[in-house]
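Report on the following structure.
The values are calculated or read from the model by the stated rules, or taken from the named source; none is laboratory data. This one's a predicted model, so the numbers in the text were calculated from it and none came from an experiment. Quick reminder, even Gly has a Cβ in these numbers, built from the backbone with ideal geometry, and neighbours come from all protein chains shown. Areas reflect the complete protein model, heavy atoms only, side chains present, ligands, DNA and RNA absent. Shrake-Rupley method; radii C 1.70, N 1.55, O 1.52, S 1.80 Å.
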Amino acid sequence: MSKVSIYDRSNWGLLQLTRSDRARFLHNQTTNNILELQPGQSCDTVFVNSTGRTLDLATVYILSEAMWILVSPQRRQFLLEWMDRYIFPMDQVELKDLSSEYAIFTIIGDQSKSFLSTLGLSEIPEPTANTHIFLDYWDTQVLVTTGSGLALPGYTLIIPQAKSQFCWQQLTQPDLEVLTEEEWERLRILQGRPIPEQELTEDYNPLEAGLWHNISFDKGCYIGQETIARLNTYQGVKQRLWGIRLTTSVTPGTVITVAGEKVGTITSCTDNFALGYIRTKAGGEGLQVQVGDISGEVVSVPFLTHEYYRP
């Protein structure tokens, strides 16, 4: 993706954890190693339930006195209540919903750093680093974070709501493509980013969803850890999320078959490309399948990995 695009993610949820136990608390709630992160660093992590099933894929930003958590639009209220259930009276943790206080704009593309530099944001790190920095700009304080939410270079800017309209006007230059919801949806399917209510449901675990790179197998106990560790140890992942190249679009929920036998289900589709879970024993990349009456080929997608972890 060579040109630069912008997408308004202000409908996503932004949750905040403060007080002294915040890192330990989130470390015990999600799959990645939160305790090893320092202020200025970030990571993606997966919220799972007690049986290791997926709730959401979130991005965590470590600030000096707080942690911000960017969550999917469909999961903001759910995760707010989910985490609140696990905060006990002795825990030094305070949870707050910041979603209405900030706008969130994502810049995507190989030239995203150059683009932001032309606007005066020249102190930012390379887009591939898992870092972020507060900059005083546009008469406000902007959190400039690396990462586009996809397997594409980019930045995500978190801006106080009071300055959001002015900042949007500064960012949307004539040569910048503004992505609609439909265009973002198409891009995230082509990239393979799973989302709640489609790929991330309580029917699937994060290993099946291809989110291995967001899981620490060395961090110790957390909610759902025993199930996930066992699946890895005994190579017990029974289905995997793949891209599927098609000749025409299909409806999510359409059955995937091989030689007349059901091997999986479509979860998302755009144009002639879909995401779907396929039984591991049926095969993976290169597998020829039928999706309803349509022929398809199983392909890898940039956002997902399917490698077992070995220490």
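For Thr59, Thr45, what's the largest-to-smallest order of accessible area, 1.4 Å probe?
Working: Thr59 25, Thr45 0 Å².
Ranking Thr59, Thr45 by accessible area, largest first, yields Thr59, Thr45.
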Surface share of carbon and sulfur [accessible, 1.4 angstrom probe, percent] for the chain: 47 percent
Sequence-separation-based contact order of region 130-278, relative, with Cα cut under 8 Å and 6+ spacing, percent: 16 percent
Inter-site label distance for Gln161 and Gln41 at 7 Å from Cα along Cβ, in nm: 3.3 nm
Accessible area (Å², 1.4 Å probe, nearest 10) - Glu182: 130 Å²
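Can you tell me how much longer the chain between Glu65 and Val178 gets when fully stretched, taken as 0.36 nm per residue apart minus their C-alpha distance, in nm with one decimal? Before the final figure, lay out each step's value.
Details: separation 113, 0.36 × 113 = 40.68 nm, distance 3.37 nm.
Roughly 37.3 nm would be gained on extension.
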In nm, spacing of pseudo-spin labels at Glu202 and Asn11 (7 Å Cα→C-beta vector): 2.5 nm
Label selected from (i) 70, 43, 36; (ii) 54, 47, 40; (iii) 62, 53, 33, the criterion being Cα extents along the principal axes in Å as computed here: (iii)
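Just reorder Thr251, Thr54 by solvent-accessible area, largest first, 1.4 Å probe, all chains present. Walk me through the intermediate numbers first.
On the way: Thr251 95, Thr54 0 Å².
Correct descending sequence by accessible area is Thr251, Thr54.
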Karplus (6.51, -1.76, 1.60) ³J(HN,Hα), θ = phi - 60°, over region 253-268, in Hz, Gly and Pro reported as x: x, 5, 6, 9, 10, 9, 6, x, 9, 5, 10, x, 8, 6, 10, 8
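Using Cα pairs closer than 8 Å and at least 6 residues apart in sequence, work out the relative contact order for the chain, in percent.
On the way: 674 pairs, mean separation 58.7, N = 311.
Rounded, it is 19 percent for the chain.
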Pairwise label distance in nanometres, Ala229 with Glu81, each label 7 Å out on the Cα-Cβ vector: 3.1 nm
Exposure of Arg76 as accessible area (Å², to 10), given a probe of 1.4 Å and all protein chains: 70 Å²
Computed accessible area, Cys43, all protein chains, 1.4 angstrom probe, square angstrom: 20 Å²
Virtual paramagnetic centre 7 Å along Cα→Cβ of Lys281, amide N under 13 Å, in region 220-256: 237-239
Region 269-303 residues near the modelled Glu185 label - backbone nitrogen below 15 Å, point 7 Å along Cα→Cβ: 269-275
Cβ-based net charge around Ser20, under 11 Å, with every Lys or Arg adding one and every Asp or Glu removing one: -1
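Please give the length that would be gained between Thr128 and Gln92 if that part of the chain were fully extended, namely 0.36 nm times their separation in residues minus their C-alpha to C-alpha distance (nm, one decimal). Please list the in-between numbers first.
Numbers: separation 36, 0.36 × 36 = 12.96 nm, distance 3.32 nm.
Working it through step by step, the gained length comes to 9.6 nm.
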